[in-house]
């Protein structure tokens, strides 16, 4: 019995067995966490699986999802700016195929973060619209920020995936607020400002923006926004 245990232990410390176990572990890790690599198994350099066999110890899905979220954000905002061309559409298709191989929970985390980021932007625009209407009615500037906007902002700042994008948006929002305040302070009724036209334009722009976001989101995730 002792000899059998000794033989088994000697087998475990055999360098070839260790390498095989690392390589096998790399296969499993690749299948679970790097599906696009696993899908191309027959065209992949098999040595990569030795690396995957140890990489699992520091693998962090959030690092990849943070980069993915930035790409999604760029794809959608590029579309909003009317800059999507054939090359951009092709990049979206390639990216969509990549994340389509993600485990469902990983893909859903990414999709929900993107939904919340653009919901936050929409709520921020609505707050600006409310601020402008308050100024029109009372002739004084009072920044309005809804409770829903505040709560969502705090939620996004605690989400690793969306944190960097939202912090940048907050900086940009503060700059826009300063410019908006300057504009309001210089506003004169003789300049031909039409409150009704302002409100109509806002509603029209919001509808157009929502449609573009929905279309690009669906192209990326193959699901409704």
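With respect to the numbered conditions (1) at pLDDT 90 or above; (2) buried (at least 17 other Cβ atoms within 10 Å of the Cβ), which one is the sole condition not fulfilled by residue 34?
Every condition holds for residue 34 apart from (1).
Which of (1) surrounded by 15 or more Cβ atoms within 10 Å (Cβ to Cβ); (2) assigned to a loop (DSSP other than H, G, I, E, B); (3) more than 16 Å from the chain's Cα centre (by Cα) is the odd one out, the single condition residue 101 does not satisfy?
(1)
Can you pull out every residue in the range 132-156 that is surrounded by 13 or more Cβ atoms within 10 Å (Cβ to Cβ) and assigned to a helix (DSSP H, G or I)?
Once the filter is applied, which keeps residues that are surrounded by 13 or more Cβ atoms within 10 Å (Cβ to Cβ) and assigned to a helix (DSSP H, G or I), the range 132-156 yields 132, 133, 134, 135, 136, 148, 149, 152, 153, 155, 156.
Could you check how many residues of the range 184-200 are exposed (fewer than 12 other Cβ atoms within 10 Å of the Cβ), at pLDDT 70 or above and part of a helix (DSSP H, G or I)?
3
Among the residues of the range 83-98 satisfying the criterion of being out of contact with any helix residue (DSSP H, G or I) (no Cβ under 7 Å at 6 or more places or on another chain) and part of a helix (DSSP H, G or I), which is farthest from residue 66 (Cα to Cα)? I'd like the intermediate steps shown before the answer.
Within the range 83-98, the subset out of contact with any helix residue (DSSP H, G or I) (no Cβ under 7 Å at 6 or more places or on another chain) is 83, 85-87, 89-91, 93-94, 97.
With the extra rule that they be part of a helix (DSSP H, G or I), the set shrinks to 86-87, 89-91, 93-94, 97.
Numbers: 86: 25, 87: 23, 89: 21, 90: 21, 91: 18, 93: 19, 94: 18, 97: 18 Å.
Only one residue fits best here, namely 86.
The values are calculated or read from the model by the stated rules, or taken from the named source; none is laboratory data. Everything numeric in this text was worked out from a predicted model, so none of it was measured. Please note: Cβ atoms are built from the backbone with ideal geometry, for glycine as well, and neighbour counts cover all protein chains shown.
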